[in-house]
Amino acid sequence: MDKNSLIGIILILAVLIGWSVWMTPSKEELAQQRHIQDSIYRANRERFVKDSIKMAEANAIMDEKKVTAKDESYAARYNQYGSFADASVGNDKTFVLENEVLKMKLSSKGAYVETVELKNYKTYDSLPLIGFDEETSRFNLEFIADGKGINSYDLYFEPYLNGFPYEGDETIDINGRDSVVMSLRAYVDDANGNKDLNKYLEFRYTMYKDQYMVGFDIVSNNLKGIIPSNTRFMTMDWAVDVLKQEKAGDRINVETIYYMYSNNDVETLSQTEVAEAEEELKSGLKWISFKQKFFSYALISKDSFDDVFVEMHTKSRPSNSRYQKSMSANIEIPFDGLNEDNTIAMSYYFGPNDFKELKQYDINLEKQIPLGGKLVAWINRLIVIPVFDWLGQYGWNYGIVILILALIIKICLMPIAFKSYMSSAKMRVLKPEIDEINARYPKPDDAMKKQQAIMDLYKKADASPMSGCLPMLLQMPILIAIFRFFPSSIELRQQSFLWADDLSVYDSILDLPFNIPFYGDHVSLFTLLMTAATLLYTYINNKQMQQAQGDQAMPGMKLMMYLMPIMFLGIFNSYSAGLSYYYLLVNLFTFLQMYLFKIFINEDRLRKKIEQAKKKPVKKSNFQKRLEEMQKQQQQQMRR
C-alpha cells in the first residue's frame with residue numbers, strides 16, 4: 001500500500017468516526033427523548049386507569065341480592081373493595097417457613113414477606129441476622145376490581161400448604177422434603193355475598209430445602225370480569241428498612257440498589273455513600289436487589305418488569321436502633337385481563353453476597369459484588385476467587401489462606417519481578433559509563449549526540465531504563481484486583497486472626513475519643529505495619545534508583561513515592577484488615593525476593609557479561625537509523 005492510499009483510508013475513517021460522533025445524541029438530547037417517552041407512557045397509563053374505572057362502573061353495578069344477603073357493614077365494604085369485600089376482614093396471622101438456611105416470616109394480611117432470618121449467619125454482635133425490619137417492611141399489589149382500586153395489603157389471605165387448607169402450627173419446617181409450597185389466597189364473593197372457592201387472588205411461595213432462592217408467583221384464578229379485560233399491568237410496591245449487620249462498612253461496599261436489564265446489563269442506583277437517591281428506570285428489567293455489604297434481598301422476574309421507580313433514603317428518626325437505610329421499588333408487572341387465569345412468575349433471593357452462591361443462578365446476581373472494572377473483575381473471577389476458594393476448602397484459618405495466596409501470586413509474578421530487578425542491576429552497572437557520556441557532552445547543543453551515545457550503550461548492553469517500568473505496570477491490575485476483592489469477600493466475615501477478630505473490617509487496637517480527618521477514630525495495627533513496610537520498601541527502592549540514575553532521578557518523584565504510603569495509611573485504616581494484612585505480606589515477600597535476587601545476580605559478573613556483549617557487532621534498529629538521520633540533519637542546519 002502506497003503513502004497516498006494509506007492517507008486516503010485514514011481520512012475516510014476520520015470522516016466516518018467524525019460523522020458517528022456528530023450524529024450521536026448528547027446526554028441532554030437522550031434525557032429529553034427519555035422524558036418525552038416517559039410522559040407518553042404516564043399519559044397512556046392514566047388514560048387506561050380512567051377507562052378501566054368507567055368500564056367497571058358501567059358493567060359492575062352493585063348486586064342488590066348480594067348486599068341484602070349481608071349486613072349493612074358489608075355494603076360499605078363492597079363499596080370500597082367490590083367482590084373482595086369479605087376478604088377485607090379477618091385475623092392477621094403469621095406463618096414461618098423454615099429450611100436449612102432460611103427462616104421467612106409471612107403475614108396473612110397482605111400475604112407478604114415481613115422479614116427473613118439467615119440461619120447460618122450472625123450479626124457483628126452475635127445476634128440473629130434479621131434481613132429487614134418487620135415493623136416497617138411493605139409489599140402491596142395494586143389493581144382494579146369491580147371499578148375499585150384494590151390494595152393487597154388491605155386483604156386477608158387464607159393459608160394453603162402444598163395445595164390443601166392449612167390449620168397447623170405457625171412454623172412450617174421443610175423437614176427433609178425437597179420443597180414446600182405455601183399459598184395465601186384472597187377469595188372473591190359470589191352472587192350471594194359468600195366466598196367463591198373458584199375465584200381468588202393467590203400469592204404462592206415455594207421454599208426449597210437448602211436454597212436462599214424462594215419461588216414467588218402471583219396467581220389470579222377465574223377473575224376475568226372482576227378485573228377489567230383491558231388490564232395490561234398491575235402495580236407492585238416493595239419497600240424495606242435494612243438493618244445494620246456489620247461492625248463497619250467501607251467506601252466500596254455501600255448499601256444501594258442494583259438492577260439488571262433484560263440485555264444482562266447490571267447497573268446500580270449509586271456507588272457512593274449518598275443519603276438519598278432515586279431513578280425512574282426504563283422497561284425490560286430482569287431483577288431488582290436491595291444490597292448491603294454482604295447480603296442482598298432481590299426480586300427476580302421470570303420474564304421482565306415494565307416500568308420501575310427505585311428510591312433509597314435515610315430516615316431522620318428511625319424506629320429501630322439497628323436501622324441503616326430505607327429502600328423501595330415501585331414496579332409495574334405485565335397482566336393480561338383477557339385471560340381467565342394469570343400467573344406472574346417471580347422469585348425472591350434472600351441471602352449472602354457469596355460469589356459461588358450467586359453465580360449458580362446464572363442471572364448475573366454476582367455482579368452486585370464490587371470486584372472492579374472489566375479487566376480487574378475478570379482477574380478476580382478467573383484467578384483470585386478460584387485460588388482463594390481452593391485454599392479455603394482445606395479448613396485453614398483465613399489468615400493462613402491469605403498468606404498462601406500472597407505467596408502463590410508472588411511466585412507467579414517472580415519472572416516479571418526478576419526482569420525488573422535485572423534491568424535495575426544493569427542500569428547500576430552502566431551508571432559510570434553513562435556519567436562519562438554526560439561529561440563528554442556537557443553542552444545543550446550536543447543533546448542529540450549524548451542521547452545517541454547512551455542509546456548505543458543500552459543497545460550493546462541489552463539494557464533499557466523502561467524495561468523496569470513495564471513489569472511494574474503488568475503487576476498493577478493484580479494489585480487493584482486484590483484491593484477490590486478482600487473488602488467484598490464474605491468468606492473473611494467474622495474470621496479472626498492474631499489480634500484481628502474480624503478480617504472483613506478494620507482491626508482496631510486503639511479507639512480514639514476523637515475523629516482525625518482522613519484517618520478516622522481508631523488505629524488499625526495491620527495498616528500501621530503495612531505502611532511501615534511500604535516506607536521501608538520505598539527507601540530501598542529509591543536508594544537503588546539513586547545508584548542507577550544518580551542525579552537524573554527526579555526529586556519530585558521521590559517525594560511522591562514517600563507520600564503515597566502516608567496516603568494509604570488514611571485510606572486503609574477503615575478498610576478490611578485482611579486487605580492490609582495481604583499488602584503487608586506482599587512487602588515482606590518482596591524483601592525476601594530482593595535478597596534472593598541480590599544473591600543470584602552478581603553485579604561483577606553482570607559487568608563482565610555486558611563488556612563481552614559490547615564487543616559484538618550490533619545491528620541498528622530502524623528507530624536508531626532514523627535517530628542518526630535526524631542528528632545529521634540537525635548538524636547540517638547548525639552549519640548553515
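The values are calculated or read from the model by the stated rules, or taken from the named source; none is laboratory data. Keep in mind it's a predicted model, so treat the numbers as computed, not measured. When we count neighbours, we look across all protein chains shown, and the Cβ atoms used for this are built from the backbone with ideal geometry, even at glycine. With ligands, DNA and RNA removed, areas are computed over all heavy atoms of the protein, side chains included. Shrake-Rupley method; radii C 1.70, N 1.55, O 1.52, S 1.80 Å.
Key figures for this structure:
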{"read-out": "Members of the stretch 243-278 found to be of a type in the set (A, V, I, L, M) and either modelled with pLDDT of 85 or more or more than 14 Å from the chain's Cα centre (by Cα) (or both), listed by number", "value": "Leu243, Ala248, Val254, Ile257, Met260, Val266, Leu269, Val274, Ala275, Ala277"}
{"read-out": "Filtered residues of the stretch 128-163 (kept if in a loop (DSSP other than H, G, I, E, B), of a type outside the set (Ser, Thr, Tyr) and crowded, with 20+ Cβ neighbours inside 10 Å)", "value": "Gly131, Asp133, Asp146, Leu155, Phe157"}
{"read-out": "Options Met327, Met346; residue that is at pLDDT 85 or above, within 23 Å of the chain's Cα centre (by Cα) and either buried (at least 22 other Cβ atoms within 10 Å of the Cβ) or not in a strand (DSSP E or B) (or both)", "value": "Met327"}
{"read-out": "Tally, over the stretch 272-293, of residues that are in a loop (DSSP other than H, G, I, E, B) and closer than 27 Å to Tyr575 by Cα", "value": "7"}
{"read-out": "Scan of the stretch 242-267 for residues that are open to solvent by 10 Å² or more (accessible area, probe 1.4 Å), touching a residue at least 60 places away in the same chain (Cβ under 8 Å) and part of a strand (DSSP E or B), ordered by number", "value": "Leu243, Tyr258, Val266"}
{"read-out": "Members of the stretch 498-547 that are part of a loop (DSSP other than H, G, I, E, B), surrounded by fewer than 18 Cβ atoms within 10 Å (Cβ to Cβ) and touching a residue at least 40 places away in the same chain (Cβ under 8 Å)", "value": "Leu498, Phe518, Tyr519"}
{"read-out": "Number of positions in the stretch 88-111 that are in contact (Cβ under 8 Å) with a residue 40 or more places away in the chain and open to solvent by 10 Å² or more (accessible area, probe 1.4 Å)", "value": "13"}
{"read-out": "Selected residue [of a type in the set (Phe, Trp, Tyr), surrounded by 17 or more Cβ atoms within 10 Å (Cβ to Cβ) and either modelled with pLDDT under 80 or not in a helix (DSSP H, G or I) (or both)] from Tyr562, Tyr581, Tyr575", "value": "Tyr575"}
{"read-out": "Sole residue being crowded, with 20+ Cβ neighbours inside 10 Å and in a helix (DSSP H, G or I), chosen from Ile437, Ile404, Ile409", "value": "Ile409"}
{"read-out": "Qualifying residue in the stretch 177-198 (condition: part of a loop (DSSP other than H, G, I, E, B) and either modelled with pLDDT of 85 or more or within 30 Å of Gln360 (Cβ to Cβ) (or both))", "value": "yes"}
{"read-out": "For Ile288: the one exception among (1) farther than 19 Å from Asp354 by Cα; (2) among the aliphatic types (A, V, I, L, M); (3) crowded, with 19+ Cβ neighbours inside 10 Å", "value": "(1)"}
{"read-out": "The stretch 351-388: number of residues that are touching a residue at least 60 places away in the same chain (Cβ under 8 Å) and of a type outside the set (A, V, I, L, M)", "value": "13"}
{"read-out": "Count of residues meeting criterion [hydrophobic (A, V, I, L, M, F, W, C), crowded, with 16+ Cβ neighbours inside 10 Å and out of contact with any helix residue (DSSP H, G or I) (no Cβ under 6 Å at 6 or more places or on another chain)] in the stretch 349-382", "value": "3"}
{"read-out": "Positions within the stretch 201-225 being more than 23 Å from Leu299 (Cα to Cα) and crowded, with 21+ Cβ neighbours inside 10 Å, in sequence order", "value": "Leu223"}
{"read-out": "Test: residue in the stretch 164-175 that is without any contact (Cβ under 8 Å) to a residue 60 or more places away in the chain and either within 26 Å of Asp354 (Cα to Cα) or crowded, with 18+ Cβ neighbours inside 10 Å (or both)", "value": "yes"}
{"read-out": "Single residue of the stretch 226-241 satisfying the filter (in contact with a Gly (Cβ under 8 Å, 6 or more places away or on another chain) and at pLDDT below 90) that is most open to solvent (accessible area, probe 1.4 Å)", "value": "Arg232"}
{"read-out": "Among the residues listed as Ser296, Ser304, the single one being part of a strand (DSSP E or B) and within 23 Å of Gly372 (Cα to Cα)", "value": "Ser296"}
